Amino acid sequence: MDGRVVIFGYGPAGKATAERLTAEGREVVVAQRREPAGLPKAAAFVACDALDRDAVVAAARLGGQFVVAIGFAYNGAIWRQAWPRAIGNFVAASEATGARMVFIDNLYMYGPQTAPLVETMPLAAPRGATPLGVGGHKPEARAATTRIWMDACAEGRARVAALRAPDFYGPGAGVSYLGDPSIGRLATGKRAIVLGSPDQPHDYAYVPDIGRAAATLLAAPDSAFGQAWHVPCAPTRTTREILRIAAGALGQNKLKLIAVPEVLIATLGIGVAFLAERSEMRFTFDRPYRVDASKFINAFWADATPFEEGVEKTALAYVGAAKASPVR
């Protein structure tokens, strides 16, 4: 059973990881509340709720290692409750089974920064901070979550490696800045919608690269655990530059784009829940947002998928999905 990998969550990152591992000939078990459609033939399924510790431990016993690729509703209040509880359950599973854990994480725990993000940056919220630490609910939730697995590793109770990625994109990643609201709309002849400035340099991770990086850590020695790693990204571009690539891949001579200013997002957020949640994270788009992945690059690989390749595949995937879905 040591060669089998349990993947908790089958969103874009979980699916990309499963596809990468099955392509390498690894056995995979996908664990989440409901069985997803389109599982690879080589993958099995087990029902599991990440907030149920007994269920998490039982699922983790099905493999020698496991990947955490879960998500919760984009709501700070939910995050503050659910993320620490869930990661506590996964740490308990690692401790109970001896299985190594790769946690596919984001970068919110650093809070607002002006320099490129590196793994050694302090967490946004001090330990036990009340009221909120710098950045708001979501950075505080991710900082608290980070301390749970870091403490467990420091105490020798679990073996965890965190794989941190910025905003992701790719085929099937509709709920993303480069997904349905932007490239997806361009594929239907509409204007792309961007929240915040499209002209700030901003790193994006290609979802298949996240899956590849997760598989890399699963194959790495124990010395790679007990620490965080940043996913390599293509050289930094602005969102506008990336969407121009998408427009070109779709045969459009000119990029059609609507940019919603941060001040308007904050105003609209008074009555629109998602925009209120997004306004809290404005620091990810109101300044250059760069990720330093040199640690991972020096240890493993550097050839992240170029935007010219990844964006074209994403745009054409939208075209293919539209053709496969008959108009009613």
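Of the residues making up the stretch 72-112, those that are in a loop (DSSP other than H, G, I, E, B) and among the aromatic types (Phe, Trp, Tyr) are Phe72, Tyr74. Just one of (1) of a type in the set (S, T, N, Q); (2) modelled with pLDDT of 95 or more; (3) farther than 22 Å from Phe274 by Cβ fails for Thr145. It is (3). Just so you know, in the stretch 181-207 the residues that are crowded, with 22+ Cβ neighbours inside 10 Å and in contact with a Ser or Thr (Cβ under 7 Å, 6 or more places away or on another chain) include one that is nearest to Ala266 (Cα to Cα), and it is Pro198. Evaluate the following for Thr305: is it buried (at least 17 other Cβ atoms within 10 Å of the Cβ), among the β-branched types (Val, Ile, Thr) and out of contact with any Phe, Trp or Tyr (no Cβ under 6 Å at 6 or more places or on another chain)? No; evaluated as a whole, the condition is false for this residue.
Conditions (1) of a type in the set (D, E, K, R); (2) in contact with an Asp or Glu (Cβ under 8 Å, 6 or more places away or on another chain); (3) modelled with pLDDT of 95 or more, marked per residue:
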position: Gly25; (1), (2), (3): no, no, no
position: Val29; (1), (2), (3): no, no, yes
position: Arg33; (1), (2), (3): yes, yes, yes
position: Pro40; (1), (2), (3): no, yes, no
position: Val46; (1), (2), (3): no, no, yes
position: Ala60; (1), (2), (3): no, no, yes
position: Val67; (1), (2), (3): no, no, yes
position: Phe72; (1), (2), (3): no, no, yes
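Screening Leu123 against (1) outside the structural domain of Lys256 (by TED's automatic domain parsing); (2) part of a helix (DSSP H, G or I); (3) not hydroxyl-bearing (Ser, Thr, Tyr) leaves a single unmet condition, (2). Scanning the stretch 146-200 for residues that are part of a strand (DSSP E or B) and either without any contact (Cβ under 8 Å) to a residue 12 or more places away in the chain or under 30 Å from Ser94 (Cα atoms) (or both) turns up Val160, Ala161, Ala162, Leu163, Arg164, Phe168, Tyr169. What number goes with the only condition from (1) modelled with pLDDT under 90; (2) within 16 Å of Asp209 (Cβ to Cβ) that Pro235 does not pass? In the conditions (1) modelled with pLDDT under 90; (2) within 16 Å of Asp209 (Cβ to Cβ), Pro235 misses (1) alone.
In the stretch 1-69, counting only strands (runs of 3 or more DSSP E) that sit wholly within it, the ones holding 3 or more residues that are in contact with a strand residue (DSSP E or B) (Cβ under 9 Å, 6 or more places away or on another chain) and among the β-branched types (Val, Ile, Thr) span 5-8, 28-32. Considering each residue of the stretch 51-61 in turn, at least one proves to be surrounded by fewer than 18 Cβ atoms within 10 Å (Cβ to Cβ), of a type in the set (A, V, I, L, M) and out of contact with any Ser or Thr (no Cβ under 9 Å at 6 or more places or on another chain).
Residue-level check: of (1) among the polar types (S, T, N, Q); (2) farther than 30 Å from His137 by Cα; (3) free of Cβ contacts under 8 Å to residues at least 12 places away in the same chain, Gln65 misses just (3).
The values are calculated or read from the model by the stated rules, or taken from the named source; none is laboratory data. All values derive from a computational prediction rather than experimental measurement. Virtual Cβ from ideal backbone geometry, glycine too; neighbours counted across all protein chains shown.
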